[in-house]
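See below for the structure under consideration.
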Amino acid sequence: MIYRSVLALTLAATLAGCSPKYDWRDYRSKDAPYSILFPGKPASQTRSITLATLPLEMTMTAVEIDGVVFAVGSARLPDGADAMHALQAMQTALLKNIGATLRSNKDSSTGLQAMLEFEADGSQQGQPARLIGKLVARDQRIYQVIILGRAQNLAAEQIDTYLSSFKLN
């Protein structure tokens with residue numbers, strides 16, 4: 001009897017983790033040297049932005065699953081631009097977009113790469129939202145790897161799978 005209960009719980013947990021909503025697929029950017037696992041087929045768009053005072057062409061690649069957006073933005077910094085300043089400006093813009101307050105913020109920069117990781121709470125379309133981000137600068141390129149959605153729709157397993165799969169090539 002205990003064996004059947006354990007087997008049933010194991011099967012239920014396995015099936016819950018294999019939700020057909022999350023169809024993880026390897027994505028390799030054509031315009032920036034990175035790869036990541038997206039939980040569905042992403043779409044890309046490039047547009048001009050101003051980050052602090054820097055005019056940039058940013059390519060956003062994203063997919064939405066159940067109201068949760070998984071996105072990667074990438075841009076090339078002009079020569080001489082301060083990468084950490086660009087990341088801080090990017091974080092400020094992301095927080096401002098949803099009127100967010102930081103829950104956590106971590107700077108894990110090394111000599112070759114600058115990185116900010118954070119979580120914030122704000123609102124999106126009048127609903128409470130959580131923003132989880134990893135901002136990276138390396139070799140005159142900046143990247144924003146984010147997840148945005150209602151906190152109850154964000155599962156730790158999907159967050160970890162997505163963020164840990166981001167690799168610079």
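The values are calculated or read from the model by the stated rules, or taken from the named source; none is laboratory data. Fair warning: this is a prediction, and the values are worked out from it, not measured in the lab. Every residue, glycine among them, receives a Cβ derived from its backbone with ideal geometry; neighbour counts consider all protein chains shown. In case anyone asks, the SASA skips ligands and DNA or RNA and just uses the protein heavy atoms, side chains included. Shrake-Rupley method; radii C 1.70, N 1.55, O 1.52, S 1.80 Å.
Using helices alone, I'd like the mean residue ellipticity at 222 nm for the chain: each DSSP H run of four-plus residues gives -39500 (n - 2.57), total over residue count, nearest 500. Taking each H run of at least 4 residues, the total per residue is -8000 deg cm²/dmol. When the residues D121, D79, D160 are ordered by accessible surface, computed with a 1.4 Å probe over the protein chains alone, the sequence from largest down reads D79, D160, D121. Is segment 21-65 rounded, prolate or oblate when judged by the Cα gyration tensor, a ≥ b ≥ c being the square roots of its eigenvalues, rounded requiring a/c under 1.5 and prolate requiring a/b larger than b/c? Note, shape of segment 21-65 comes out prolate.
Helix 83-97 and the longest principal axis of the Cα set of the chain meet at an angle near 60°. Each label point was placed 7 Å from the Cα along the Cα-to-Cβ direction; for D66 and K106 their separation is 2.5 nm. Mean-square fluctuations from a GNM of the chain, with a 10 angstrom spring cutoff on Cα atoms, peak among T59, T110, T101 at T110. For L94, tell me the accessible area in Å² from a 1.4 Å probe, rounded to the nearest 10. It works out to around 20 Å². Taking 24 Å as the limit for the C-alpha separation, the pairs K41/K134; K96/K167; K30/K96 exceed it in the case of K96/K167; K30/K96. When nucleic acids and ligands are ignored and a 1.4 Å probe is applied, D31 ends up with an accessible area of around 70 Å². Scanning the chain for trypsin sites (Lys or Arg not before Pro) in DSSP loops with at most 11 neighbouring Cβ atoms within 10 Å leaves 31-169 as the longest stretch between them. Estimated from the Cβ-Cβ distance and a Förster radius of 35 angstrom, the FRET efficiency linking K21 and D139 is about 0.50.
In degrees, nearest 10, range 0 to 90: what is the angle between the Cα axis of helix 2-17 and the longest Cα principal axis of the chain? That works out to roughly 30 degrees.
(i) 100; (ii) 127; (iii) 140: which one is volume of the Cα convex hull per residue in Å³ as calculated from this entry? This structure yields the entry labelled (iii).
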